[in-house]
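Nothing in this text is a laboratory measurement; each read-out follows from the coordinates by a stated rule. Just so we're clear, the structure is a prediction, and the values are computed from it rather than from any experiment. Neighbour counts are summed over all protein chains in view; Cβ atoms, including those assigned to glycine, are modelled from backbone coordinates with ideal geometry.
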Amino acid sequence: MRRVHDFMLVGGGAAIDRTMAARVLNGLEIDNAGLDATDRRYLSTIALDHGGGPVGIETLIAALAESRDFPVEVVEPFLMQRGYLQRTPRGRLLTKRAFDHLRIAALNQRGESDASDAEKGRVSGALCPESTSSQR
């Protein structure tokens, strides 16, 4: 809301209303759960590239091209508070809530998606278009 307030002041508005808040948050790519593009990229990387985890922090920072401190000190605390991420001795692990928010089917015990092949392609393409066009 601080960012919305700043936009209101710069824009000369008198008060924050629902329309203004929605417009500002949409422009900042903040979704209805309060996650920004960085949060969603972090969760999507774990979900799509690492099957929901567990995945070690070194692997994650290499995949995200980030410094070690940024995910650990900035991204993860919020995601853990909101119930999207767990830190385990084996690595980072997404919760069912994270899969639901990303609209990705959670993996079963064998590491296979519960979604159909058509749904998997549709969902991963919608979240990360480059992942379907630049397969290794």
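Points worth noting:
- Each of Ala65 and Thr88 was given a label point 7 Å from its Cα along the Cα-to-Cβ line. The distance between the two points is 3.0 nm.
- Amide H contacts of Gly56 (H built 1.01 Å from N, in plane; Pro and chain starts excluded): Arg92 sit under 5 Å, all sequence-distant by 5 or more or on other chains.
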